[in-house]
Amino acid sequence: MDSILPELEILPEISVRQIIEAGMEQMSSQYYRLLSAAEVARKLNEALDSSSPLSVIRLGDGELLTLAQDMVLNEEEVRKEGHFLSYAGVCLPDLKARDMLAASVRKADIVGIPKLRLPNFQPLGFSVFRAHGIDYRKLQLTLSTVNYALHLEGLLGGILAGRRVLVVGNSAPGLSRVLSGRGIEVAGTVAPVEGIHDIPRIMDEIRGHPFDIALVGAGIPAVIITERIASELGKVAVDFGHLADSLASGEATL
């Protein structure tokens, strides 16, 4: 703050928080409201009740770094920041994965973005949108943690009750047991998902299952699989993320 003030001016007895709050009030006209978990749940239930397609995808640092390749960050920068990407399903460099992800972001119905204003999270997200020519104002945005919010706010059970649920991803067998134990009908499991270039095989396998909603926990490939389940198969799908692991392991309870 001191570097912004004139050299011989001070703000005695005014906290940094007070300064930020005053500034935020001045910026309120530029706020952009995201969908709440309750609103996302309502849209999911409406789509399920009407047998309409709907995809809920989520962009975290892994997805955003993949999208940033050679457009926002160079290969060296992406490798440095994205040392975990191979675990998440992308082996660098992979411009095809970048373009597949961008196509799915454009087609997805609801897109989760990070709230954190750390370099590889929200700021990178909007830089990536600009670089790919994606107008975020034309997207329905929610938080990238909406999967956890649906669970913590007690909305998940209501979405899944009475539905045929397909579980996709490496934690699918464990998660399917948990769901079945709670009286939820599991239509099938598709596992494992071996990286982003395994998507065509996974989609072929998914086509062989009758289901109403798919829960996809498959790292970065989950974004593309989720979007394609809606756009190609006309079904409802949610990028379920690590919540699948937490429920399968018992760390979280349904």
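We did not get these values from a lab; they are worked out from the coordinates using the rules stated. If you're wondering where the values come from, they're calculated on a predicted model, not measured in any experiment. Cβ sites come from the backbone with ideal geometry, for glycine too, and all protein chains shown count toward neighbours.
Along the charge dipole of the chain, pointing to its positive end and built from +1/-1 on Cβ of Lys, Arg, Asp and Glu, which listed residue (I134, Y87, G217) has its Cα farthest out?
Of the options given, the answer is G217.
Just for the Cα atoms in the range 52-176, what are the lengths along the principal axes, largest first, rounded to whole Å?
Each principal axis gives a Cα extent; for the range 52-176 these are 47, 33, 26 Å.
Return the Rg/Rh ratio of the range 183-231 with Cα-based radii and a Kirkwood Rh. Let's see the in-between values first.
Working: Rg = 10.5 Å, Rh = 11.2 Å.
Taking Rg over the Kirkwood Rh, I get 0.94.
Explain nothing, just the number: relative contact order of the chain, from Cα pairs under 8 Å at least 6 residues apart, as a whole percent.
Working: 407 pairs, mean separation 60.2, N = 254.
Averaging sequence separation for qualifying contacts and normalising by length gives 24 percent for the chain.
Going toward the positive end of the dipole of the chain, with +1 on Lys and Arg Cβ and -1 on Asp and Glu Cβ, which of G208, V193, L152 do you reach last?
G208
Helix 95-107 versus the longest principal axis of the chain: what angle, 0 to 90°, nearest 10, using Cα atoms?
90
Can you tell me which of L54, L64, L152 moves the most in a GNM of the chain? Springs connect C-alpha atoms under 10 Å apart.
Among L54, L64, L152, the largest mean-square fluctuation in the Gaussian network model of the chain belongs to L152.
With everything on Cα atoms, drop me the angle between helix 37-49 and the longest principal axis of the chain, reported from 0 to 90° to the nearest 10.
On a 0 to 90 degree scale, this one is about 30.
Grab the other residues whose beta carbon is less than 12 angstrom from that of G89, score K and R as +1, D and E as -1, and report the net. Show your work: numbers first, answer last.
Details: positive: none; negative: E63, D94, E194, D198.
Summing Lys and Arg as +1 and Asp and Glu as -1 gives -4.
What is the order of K43, K80, K107, fewest Cβ neighbours within 10 Å to most? Please report the intermediate quantities before stating the final value.
Values: K43 19, K80 11, K107 15.
With the fewest neighbours first, K43, K80, K107 line up as K80, K107, K43.
Can you tell me the order of 85-95, 30-40 when each peptide is scored by its average per-residue count of other Cβ atoms within 10 angstrom, highest first? Intermediate values should be presented prior to the final figure.
On the way: 85-95: 17.5, 30-40: 13.8.
Averaged packing, sorted descending, gives the order 85-95, 30-40.
Considering only I184, I134, I20, give the residue with the highest GNM mean-square fluctuation for the chain, with springs between Cα atoms whenever their separation is below 10 Å.
Greatest mean-square fluctuation among the candidates belongs to I20.
With +1 on the Cβ of every Lys and Arg and -1 on the Cβ of every Asp and Glu, and nothing else charged, how large is the dipole of the chain about its Cα centre, in debye rounded to the nearest 20? Spell out each step's value before the answer.
Numbers: 24 positive and 32 negative charges, 179 e Å.
For the chain, the charge dipole is close to 860 debye.
For the range 171-254, what does the relative contact order come out to in percent, with C-alpha contacts under 8 Å and a separation of six or more?
Numbers: 98 pairs, mean separation 27.9, N = 84.
Reported relative contact order: 33 percent.
For E13, E205, what's the fewest-to-most ordering of other Cβ within 10 Å of each Cβ?
E13, E205
Report the relative contact order of the range 65-191, percent, no decimals, based on alpha-carbon pairs under 8 angstrom and at least 6 residues apart. Please report the intermediate quantities before stating the final value.
Details: 129 pairs, mean separation 23.8, N = 127.
That works out to 19 percent.
What Kirkwood hydrodynamic radius, in Å, does the range 132-254 give when the mean of 1/r is taken over all pairs of distinct Cα atoms and then inverted? Working shown, then result.
Working: mean 1/r = 0.0681 Å⁻¹.
So the Kirkwood estimate lands at 14.7 Å.
Based on DSSP H runs of at least 4 residues, each adding -39500 (n - 2.57), what is the mean residue ellipticity at 222 nm of the chain after dividing by all its residues, to the nearest 500 deg cm²/dmol? Intermediate results must be reported in sequence, preceding the final value.
On the way: 13 runs with 117 residues, N = 254.
So the helix-based figure for the chain works out to -13000 deg cm²/dmol.
Under a point-charge model restricted to the Cβ atoms of Lys and Arg (+1) and Asp and Glu (-1), what is the dipole moment magnitude of the range 118-240 relative to its Cα centre, in debye to the nearest 20? Kindly include the intermediate steps, with their values, before the conclusion.
Values: 11 positive and 11 negative charges, 40 e Å.
Its charge dipole is roughly 200 debye.
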